[in-house]
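Please read the structure below before turning to the comments.
Just so you know, all these numbers are worked out from the coordinates, no wet-lab data involved. Predicted model, so just to flag it, every value in this text is computed and none were measured. Cβ coordinates were reconstructed from backbone atoms using ideal geometry, including for glycine residues, and neighbour counts include every protein chain displayed.
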Amino acid sequence: MRLRELQGALEETLFVGQAFKLGVFNQLYHEPGTADELAQNMGFDRRATWVMLEALVEMGYITKKGEEYSVPDEIVTRLVEEGGDEYEGDFWKFLLYLVNPWRTLSHVLTHGEPDPTSYSDLDMKDFIRGMDSPWKKKIAPEVVNVCLEYYPGATTVADIGGAPGTIAREFSRKNIHTIIYDLPESLEVMEMELSGIENVSLQKGDATVFLPEGPYDIAFLGNICHGQSPEDNQKIITMCHQNLDENGIIAIFDNIRGESYLGATLALHMLTQSKRGNIYTRDEYIQWLDTAGFRDVEVRSLSDPAWQVIIAFK
């Protein structure tokens, strides 16, 4: 990316993100108006409000007719309609938080672990809901179909680290009972929303300590391994083997180093977020699976080659 493009992307991320967090898009969606009217309704400075709105128009996030500002339909689906397939708002708020740890690379390189002060603005709600993002909703049916190719008669799934509920919803639509298992603070965010879904049950716990009691047909690890140390990944995968039924499979949905086009960059991201997290190679996953007792390991590429699915049989 050229320097001017980089500047534009950074400006868009920070300025649009902050306008979203302040409620500008929601307010103008429900009540289009002039800069003066928005400033009055939201308690903003009038001059600053006009400057912000003109910039948002220039960036394509707001439309202007005469002196009245409003939100175009495309932005409504992205930043106003919560829960929609295209809604990005929660991830945008999480992205604004990520700027803090990303800026601490000098600390990480010196100490070999994240700067704990960079976590101060982390909102678990933004993180968990942000992980139920448009890209994941789009690819979730493909991921579930891959799993069912290897176990077409599956009736039970343990979705380990699955608090956002994206994958569990897809399994539930196929009448497969799915246990969503995650940390208490993670499940609390979506508990009310997910507990009412047919074929879904919730269990709270730490996957590095114990897993839901089996047997179940599929142990699904979705974007959890890259946040764990090698030792914890070995432990989690071994516990999956212990809790699967005799014909069960493990399905690991993650980025594989050297195969995902953003694996190395995501590893740098994890360096600022997790003391031992990383993006791991195919050989590392195979070693953990072999040690746990799995057999017939296969790696499937997806339509978006950022992510892969690793399948292995008990």
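Taking all Cα pairs closer than 8 Å and separated by 6 or more residues, the relative contact order of the chain comes to 13 percent. In this calculation the C-beta distance from Q287 to L95 is compared with R0 = 35 Å, giving a FRET efficiency of 0.55.
Taken one residue at a time, the phi angles of the stretch 95-107 give Karplus couplings (6.51, -1.76, 1.60, θ = phi - 60°) of 4, 4, 4, 4, 4, 5, x, 4, 7, 9, 4, 4, 5 Hz. Gly and Pro are set to x.
Ordered by the number of other Cβ atoms lying within 10 Å of each residue's own Cβ, fewest first, I252, I62 fall into the sequence I62, I252. Contact order for the stretch 59-216, expressed relative to its length and based on alpha carbon pairs under 8 Å spaced 6+ residues apart, stands at 16 percent. Here the contact order of the stretch 207-314, divided by its residue count and restricted to Cα pairs under 8 Å and six or more residues apart, works out to 32 percent. This model, with +1 at the C-beta of Lys and Arg and -1 at the C-beta of Asp and Glu, gives the stretch 89-130 a dipole about its Cα centre of some 100 debye. Spatially, the stretch 277-314 and the stretch 117-171 are offset by 17 Å when compared through their Cα centroids.
In this structure, E67 and E213 have a Cβ-Cβ separation that, at R0 = 45 Å, corresponds to a calculated FRET efficiency of about 0.10.
Taking a ≥ b ≥ c as the square roots of the eigenvalues of the alpha carbon gyration tensor, the stretch 168-216 is oblate, as a/c is not under 1.5 and a/b does not beat b/c. Karplus-derived 3J(HN,Hα) values for the stretch 72-87, using 6.51 cos²θ - 1.76 cosθ + 1.60 with θ = phi - 60°, are x, 4, 4, 6, 4, 5, 7, 10, 10, 7, 4, x, x, 5, 9, 5 Hz; glycine and proline are entered as x.
Roughly what % of DSSP beta bridges within the stretch 133-313 run antiparallel, to the nearest 5?
Here the share of antiparallel DSSP bridges comes out near 35 percent.
Taking the Cα centre of the chain as reference, the dipole from Cβ charges on Lys and Arg (+1) and Asp and Glu (-1) amounts to some 540 debye.
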